[in-house]
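S.K.: Before I ask anything, let me first share the structure, which is written out below as structure tokens.
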Amino acid sequence: MSYFKLTASAVAIAAVSATAAAARDQVQVAGSSTVLPYASIVAEAFGENFDFPTPVVESGGSSAGLKRFCEGVGENTIDVANASRKIKDKEVKACAEAGVTDIIEVRIGYDGIVFASQLNGPAYNAFEPADLFNALGAKVLKDGALVDNTNTKWSDFNADLPAEEILAFVPGTKHGTREVFDEKVILAGCEETGAYEAYVASGLDEKAAEKACMDLRTDGRSVDIDGDYTETLASIDANANGIGVFGLAFYENNTDKLKVATMSGVEPKTETIASGDYPVSRPLYFYVKKAHIGVIPGLKEYAEFFVSDDMAGPDGPLAEYGLVSDPELSATQSGVAEEQTMGSNM
């Protein structure tokens, strides 16, 4: 199936032919389940329109993909890591220790993290970060004291929410989505409720207080999903009152099964993420080993094609799937063309 017809400019890019001798002739990609559908669209279109094999794209989560990426340089290691967060300093260090010293960081656009439930289930249309914290935090603030979370229904702390049993399916810790969820929702809610200040008042420093805020309850009401969004969707299908954490694009392609919640009164959609009105959004990335460019046929061409106007622009197929186009896309395109690495200190 072809996702789009190449314009003349894209055809011009496609005129490059594969380099002659290489031990591996197929670009290999792994990482974020959020970036997976975008990378899959690009890979299929790339294979159909270029004189290179279709890249192999695997999922596994941002952390898992970056771990594989940092295993070293050579045909037995992947070329590209997809990530729904920036690479961490400790990952850059691990890369360098394994000989991956030149990394090209590519921001492809923006995505929103959404909360969705069964299409015919209860409506969660009054969420604030404080609600998610009060529902899922390991400890919450009650009568001025931090106590173990014993809330059982959403209406226990917000009368505008359904009187339904709390059950949330959240991405496991290897997913980049989890980190954004922890920081932009749970930590924000901890601060809104005053629990963060209570942690600091108890003697914790700021970093320890933030970590304590992001600890989730372990009594079965907050369930980690280590697989991709399809596993979360299956969990929602099996639990009428459950709510799941998804990327915007996945939700938009499953509106026949899910209904989305608002956050701070804002519905998540491309327009509200682009405007900055929706509070839970994040940039999406992929990382390229510069050492593999010129060795693995089609690697640079794939990277350039991914961020081309034809693919990642506001009228491209990735936008149709839910990606919010980066207003600085042209700068990204130049960086990829010039093979700009993250820094000579790496």
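The values are calculated or read from the model by the stated rules, or taken from the named source; none is laboratory data. From a predicted model like this one, the values you see are computed outputs, not experimental measurements. Please note: Cβ atoms are built from the backbone with ideal geometry, for glycine as well, and neighbour counts cover all protein chains shown. Accessible surface is based on the protein model in full, side chains and every heavy atom, while ligands, DNA and RNA are left aside. Shrake-Rupley method; radii C 1.70, N 1.55, O 1.52, S 1.80 Å.
S.K.: Within region 106-137, track down each residue that is open to solvent by 10 Å² or more (accessible area, probe 1.4 Å), touching a strand residue (DSSP E or B) at 6+ places or on another chain (Cβ under 6 Å) and at pLDDT 95 or above.
M.R.: 107, 134
S.K.: How many residues are surrounded by fewer than 18 Cβ atoms within 10 Å (Cβ to Cβ) and touching a Gly at 6+ places or on another chain (Cβ under 8 Å) if we restrict to region 138-173?
M.R.: Summing the residues that are surrounded by fewer than 18 Cβ atoms within 10 Å (Cβ to Cβ) and touching a Gly at 6+ places or on another chain (Cβ under 8 Å) in region 138-173 gives 1.
S.K.: Let me ask something else about it. Which pairs do you get when a residue that is on the phi > 0 side of the Ramachandran plot, found in region 84-113, comes within reach of a residue that is of a type outside the set (S, T, N, Q) and open to solvent by 40 Å² or more (accessible area, probe 1.4 Å), reach meaning Cβ atoms under 7 angstrom, with the pair 6+ apart or on two chains?
M.R.: Correct list of pairs: 99/73.
S.K.: Run down 318, 299 and say which single residue is touching an Asp or Glu at 6+ places or on another chain (Cβ under 7 Å) and open to solvent by less than 10 Å² (accessible area, probe 1.4 Å).
M.R.: 299
S.K.: From the residues in region 234-247 that are in a helix (DSSP H, G or I) and among the hydrophobic types (A, V, I, L, M, F, W, C), which one is most open to solvent (accessible area, probe 1.4 Å)?
M.R.: The selected residue is 234.
S.K.: Let me ask something else. Please determine whether any residue of region 248-271 is among the β-branched types (Val, Ile, Thr) and open to solvent by less than 10 Å² (accessible area, probe 1.4 Å).
M.R.: No: zero hits.
S.K.: For the condition part of a helix (DSSP H, G or I), open to solvent by 20 Å² or more (accessible area, probe 1.4 Å) and over 30 Å from residue 36 (Cβ atoms), what is the one hit in 192, 210, 231?
M.R.: 192
S.K.: Among the residues that make up region 156-178, is at least one of them among the basic types (Lys, Arg) and assigned to a strand (DSSP E or B)?
M.R.: No, the conditions are met nowhere in region 156-178.
S.K.: Here are some conditions: (1) under 23 Å from residue 341 (Cβ atoms); (2) modelled with pLDDT under 95. Residue 302 meets all but one. Which one does it not meet?
M.R.: Unmet condition: (2).
S.K.: Hey, can you tell me all the residues within region 48-79 that are of a type outside the set (Lys, Arg), outside any loop (DSSP other than H, G, I, E, B) and either over 11 Å from residue 100 (Cβ atoms) or modelled with pLDDT under 95 (or both)?
M.R.: Passing the criteria: 48, 49, 51, 56, 57, 58, 59, 60, 62, 63, 64, 65.
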